[in-house]
1. Looking only at the chain, where both bridge partners belong to it, what percent of the DSSP beta bridges are antiparallel (to the nearest 5)?
2. Could you look at segment 34-192 and say what percent of its accessible area is carbon and sulfur, using a 1.4 Å probe and all protein chains?
3. Given springs between every Cα pair under 10 Å in a Gaussian network model of the chain, which of 65, 17, 161 has the largest fluctuation?
4. Hey, what's the chain come to in accessible area per residue, 1.4 Å probe, Å²?
5. List the lysines whose alpha-carbon lies under 26 Å from that of residue 170, not counting same-chain residues fewer than 8 positions away?
6. Could you identify which residue out of 38, 92, 30 has the top mean-square fluctuation in a GNM of the chain using Cα springs shorter than 10 Å?
7. Output wanted: per-residue J couplings in Hz (rounded whole) for segment 154-168, from phi through Karplus 6.51 cos²θ - 1.76 cosθ + 1.60, θ = phi - 60°, x for Gly and Pro.
8. What's the Cα-based Rg to Rh of the chain, Rh via Kirkwood?
Amino acid sequence: MNAPDQTEHDLTGKMLIAMPGMEDPRFEYSVVLLCAHSVDGAMGLVVNKRVPDLSFDDLLGQLEIESGAGSQGVALHFGGPVEGARGFVLHSNDYPGAQGTMKINARFGMTATKDILVDIARGQGPKAALTALGYAGWGPGQLESELKQNAWLTVDGDEAIVFDADDGGKWARALRKLGIDPSMLSAGGGRA
């Protein structure tokens with residue numbers, strides 16, 4: 001029997017892969033790592049879409065954090081449409097973090113406090129990290145409904161995909177992890 005705060009199929013730590021024809025353009029060809037999933041809803045970060053016209057150094061400047069060697073080449077991602085001004089860092093579990101660090105599973109953690117940005121800028125952050133503005137959120141039963149409508153496929157979270165710098169290739173790589181050739185999918189769906 002499941003604990004009362006868990007869904008029958010807890011998807012925490014899984015990747016959601018948007019199916020072609022996703023009705024919400026913000027999630028077209030998206031890969032989302034689910035950071036939390038329970039009967040109360042779900043929260044995740046889109047890992048393959050960059051924030052246009054804003055760099056990590058710009059963000060550090062806005063937060064009055066000094067740029068350093070560790071901030072070079074760090075990209076900012078569109079984490080989702082909820083709370084777009086709020087920052088999140090999805091990272092490998094080698095980062096001890098502070099009280100604000102949430103352990104997702106054995107491979108991933110998420111920190112939403114300023115200290116991780118300081119550590120990344122100083123070159124003292126986690127081995128692998130993805131910075132995101134905003135998050136994707138689902139209310140109770142909403143994600144399960146979208147899964148039943150075939151809006152998403154799910155696969156185990158994969159650090160090699162999540163933290164890869166090639167955002168454009170993540171969607172196809174996630175599908176291939178399921179054994180699906182992306183060219184074989186169509187935007188039109190059907191039901192038997």
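The values are calculated or read from the model by the stated rules, or taken from the named source; none is laboratory data. Computed from a predicted model, the values in this text were never measured in an experiment. Using ideal geometry, Cβ is built from the backbone for each residue, glycine included, and neighbour counts are taken over all protein chains shown. For the accessible areas, the whole protein counts, side chains as well, though only heavy atoms, and no ligand, DNA or RNA atoms are used. Shrake-Rupley method; radii C 1.70, N 1.55, O 1.52, S 1.80 Å.
1. In the chain, approximately 90 percent of DSSP beta bridges are antiparallel ones.
2. That fraction is 50 percent.
3. Maximum among the listed residues: 65.
4. 52
5. 14, 49, 103, 127, 148
6. The residue that fluctuates most here is 38.
7. 10, 8, 4, x, 10, 4, 5, 7, 4, 8, 5, 6, 7, 4, x
8. In the chain, Rg relative to Rh is 0.97.
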